[in-house]
Structure formats: C-alpha cells, structure tokens
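First comes the structure, then the notes that go with it.
The values are calculated or read from the model by the stated rules, or taken from the named source; none is laboratory data. Keep in mind that this is a model prediction, so the values were computed, not measured. Note that each Cβ is placed from the backbone with ideal geometry, even for glycine, and that neighbours are counted across all protein chains shown. These area figures cover heavy atoms from the full protein model, side chains too; ligands, DNA and RNA do not enter into them. Shrake-Rupley method; radii C 1.70, N 1.55, O 1.52, S 1.80 Å.
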Amino acid sequence: MRNAILPTWALLATMLAGSPVHAQLPTDLGRRLLTTHIRPATDTLVGAASDLAEVLPGYCGQPQAEGRREAVEHGFSALVVAWSQVEPMRFGPLVEDNRFERFFFFPDPRGVTLRQVQALLAAAEPQRLEPQNLHRDSVALQGIPALEYALYGGNAATQIETAADAGRYRCAYAVAIAGHLHVLAAELQAAWSADAPLAQELARPAARNPTYRSTQEVATEVLKALSASLQYTRDSKLLVALGDSADGAKARRAPLWRSGLTTRVMAANLAGLLALYEASGLGVALGPDDRWIDDNVRAEALTAKADLDAVDLPFEQAVADPAARSRLEHSALVMKNLQSILVEYLAPALAVSLGFNALDGD
C-alpha cells in the first residue's frame with residue numbers, strides 16, 4: 001500500500017512545471033509567527049503544565065478520592081496535546097539547553113527511559129526528586145515519557161492508591177516531573193517574549209543580527225521545521241511501530257501507548273504543523289501559478305490528521321486491525337506526500353534552500 005498512491009498534486013505539478021515564480025514573502029513574517037502562533041501555543045503549554053502540577057499533589061495526598069485520578073489523566077492528556085502542538089517549532093529556545101529532549105525524550109529504541117525510571121523508582125531516593133537534582137539528571141528521567149510511566153506504567157494507579165512507600169515515592173516523582181516541565185515551559189515562554197533577543201531578531205530580521213538576517217532566513221527556518229516535524233512524526237513515531245505488516249508491527253515502539261495517547265499525539269503534531277504553516281503566511285506569498293501548492297499543503301495535512309483522528313482503538317490493537325491499520329498506513333503516505341510538496345515545490349517557489357534539518361544525522 002505504501003507505494004500505491006499517485007498524488008493528484010504530482011500531476012498538477014507536472015502540468016505547471018516551468019511556471020514563473022512570483023512569491024513575495026510577507027515583511028512581517030517573523031512578527032506574525034510570534035504573535036499568532038509561537039506565543040499562543042507556548043502560553044497554552046505553560047497553562048497545561050501549571051494545571052497538571054497543581055492537581056498532582058492533591059491526587060498523591062488522597063489518591064482514592066473521587067475524581068482525583070480523572071483530573072490527573074485529563075491534565076496529563078492536555079499537557080501532551082499542548083506539547084505536541086509546540087513540538088513542530090524545533091528551533092530557537094526549544095533546542096537550547098536540550099529543552100526538546102528534556103520535555104520529550106523520543107525516539108528511545110533502546111528503552112533508556114524504561115530502564116532508568118524503573119531504577120529510580122526502585123532506589124526511591126528522595127534527594128533525586130529535588131528540582132536542581134532532577135534538572136541535572138538524565139534527560140530520559142525528566143520528560144513526558146517518564147511521567148507517563150510514573151502514572152501509567154505497570155500497576156501504577158493501584159500502587160499509588162495503596163499509599164505504600166513505593167506508591168508515595170512514585171507519585172512524588174510524578175509531582176517532581178510535572179513541576180520541572182512547568183519550569184521548562186516557562187523558560188520557553190520567556191525566551192519568546194517581546195524583550196527576548198531571539199524574538200526581537202525573528203520579528204525584525206536585519207543584516208546585523210547573528211541569527212535571522214533576512215525574511216528569507218525566517219522562511220527557511222519555518223520550512224525546515226515543517227519538514228523535520230513531518231519526518232519525526234512519520235518515521236520515528238508511526239512507521240517504526242507499524243512495521244511492514246501487522247505481524248511485524250512493534251506497537252510499543254510508538255510514543256505514549258501506555259496512556260492510550262499515541263494517535264492523539266501524532267494528530268496534534270499535524271495540527272501544530274498546520275498552525276505554524278498558516279501563521280507564517282507562506283502560502284499567501286505564492287504567486288497565482290503556485291497557489292495549488294498552498295491548497296495541497298492544507299489538504300494533505302488535514303487528511304493525514306483525519307486518518308489519525310479516525311483510529312479509536314488502543315494502538316496495540318490498531319496496528320493489527322485491518323481498518324485501523326489502513327488508516328494509519330494512509331496517514332503515513334499522505335505525510336510523505338506532504339513533505340514532498342514542502343521540499344520539492346514550496347521551498348523552490350519561495351526561493352528557499354532547505355539544506356539540513358534538525359533530524360539530519362540522527
């Protein structure tokens with residue numbers, strides 16, 4: 001199935017080959033990105049991290065109280081979705097100080113997170129949960145995958161509800177991670193604030209700037225981020241778990257299967273990617289002969305997301321269920337098509353040379 005689709009945009013592109021380029025990048029590209037997407041998405045992440053950090057201590061104090069576990073699960077899901085929509089902005093503050101890996105250490109083919117979290121829980125050393133110590137510890141112990149294991153791994157809920165020492169430590173670890181993620185999100189928010197140096201450069205690119213010297217460089221950053229995000233979502237999150245067949249699937253290589261959020265993570269990635277693209281105004285910048293590119297970027301992103309949204313089975317079942325698997329495979333194909341549109345058509349139409357992206361060499 002992976003080679004069965006002949007995208008309609010490919011035929012259209014052939015028909016329009018050689019059309020003149022009339023792209024005019026918006027002069028306010030960076031400012032528009034900041035005000036309409038980067039800051040709102042980051043604010044949502046801060047709010048979600050704050051909400052989870054607020055409800056977790058109450059759950060740990062009275063884990064059997066009505067509604068407390070549900071509040072934690074809702075808060076965790078909201079944090080995952082908020083992060084997944086920020087994730088495509090893999091540049092600037094998000095990649096400084098290993099913030100990306102601290103927030104979401106993935107892929108993890110060797111199971112580093114599982115081994116290290118299990119070892120930490122077994123040792124049950126309170127000092128390791130202190131903020132300064134957690135920040136210095138392995139990135140695999142600090143982020144959402146580690147938090148998921150603390151809350152969902154094994155018999156986590158039962159262990160926490162018994163209020164035994166192991167359960168109390170496990171819940172305290174979850175509280176520590178949630179607090180740490182709130183700090184990281186606030187750092188990201190501050191780094192994109194109006195008076196932050198990089199944000200000022202992005203809003204007003206100039207030849208004297210060390211990072212963004214022109215609107216063209218801002219456009220390049222956006223397109224590289226979009227391409228890398230698609231590659232990450234499709235290759236690292238979906239295809240590696242799907243395998244070549246239902247018999248060869250490795251569902252547990254996918255992110256957040258324990259909490260049942262795998263397809264929601266990827267759908268939110270696509271929502272964040274599309275929001276980043278729309279905020280940039282790159283599609284509007286295209287000349288009349290290239291407007292088909294903008295139409296197809298939007299259509300393919302929405303189609304890939306719709307396929308993921310339609311899968312309502314746990315991921316371990318979905319990879320083996322014929323109907324659900326077909327949806328997942330189709331989403332992967334559409335993501336591949338979308339990346340081709342971005343790299344082979346949108347970038348040249350905007351006179352952007354992409355070069356390497358954040359995942360090259362991984």
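Considering only the range 244-285, how many residues are over 24 Å from residue 90 (Cα atoms) and assigned to a loop (DSSP other than H, G, I, E, B)? Quick ask: steps written out before the conclusion?
First, the residues of the range 244-285 that are over 24 Å from residue 90 (Cα atoms): 244-252, 258-260.
From what's left, assigned to a loop (DSSP other than H, G, I, E, B): 244-250, 258-260.
Summing the residues that are over 24 Å from residue 90 (Cα atoms) and assigned to a loop (DSSP other than H, G, I, E, B) in the range 244-285 gives 10.
Scanning the range 306-342 for residues that are open to solvent by 60 Å² or more (accessible area, probe 1.4 Å) and farther than 20 Å from residue 250 by Cα yields 309, 336. Hey, could you check the range 255-305 for residues that are over 19 Å from the mean Cα position of the chain (by Cα) and β-branched (Val, Ile, Thr) and say which is surrounded by the fewest Cβ atoms within 10 Å (Cβ to Cβ)? Filtering the range 255-305 for residues that are over 19 Å from the mean Cα position of the chain (by Cα) and β-branched (Val, Ile, Thr), the one surrounded by the fewest Cβ atoms within 10 Å (Cβ to Cβ) comes out as 284.
For the range 74-96, the candidate set comprises residues that are open to solvent by 30 Å² or more (accessible area, probe 1.4 Å) and free of Cβ contacts under 8 Å to residues at least 40 places away in the same chain; within that set, the residue that is nearest to residue 151 (Cα to Cα) is 74. Of all residues in the range 135-155, those being in contact with a Phe, Trp or Tyr (Cβ under 9 Å, 6 or more places away or on another chain), touching a residue at least 40 places away in the same chain (Cβ under 8 Å), open to solvent by less than 40 Å² (accessible area, probe 1.4 Å) and of a type outside the set (Gly, Ala, Ser) number 7. Within the range 314-337, residues that are outside any helix (DSSP H, G or I) reach partners that are surrounded by fewer than 20 Cβ atoms within 10 Å (Cβ to Cβ) with beta carbons closer than 7 Å, at six or more positions or on different chains, in the pairs 314/260; 319/246; 319/251; 320/246; 321/313. Just one of the listed residues (175, 218) is open to solvent by less than 10 Å² (accessible area, probe 1.4 Å), of a type outside the set (Gly, Ala, Ser) and touching a Pro at 6+ places or on another chain (Cβ under 9 Å), namely 218.
Pairs meeting the criteria (first residue in the range 183-200 and of a type in the set (Ser, Thr, Tyr), second residue crowded, with 18+ Cβ neighbours inside 10 Å, beta carbons under 8 Å, at least 6 apart or on different chains) are 193/199.
Take the residues in the range 29-67 that are polar (S, T, N, Q) and in a helix (DSSP H, G or I); name whichever of them is farthest from residue 220 (Cα to Cα). Per the stated criteria, the residue is 50.
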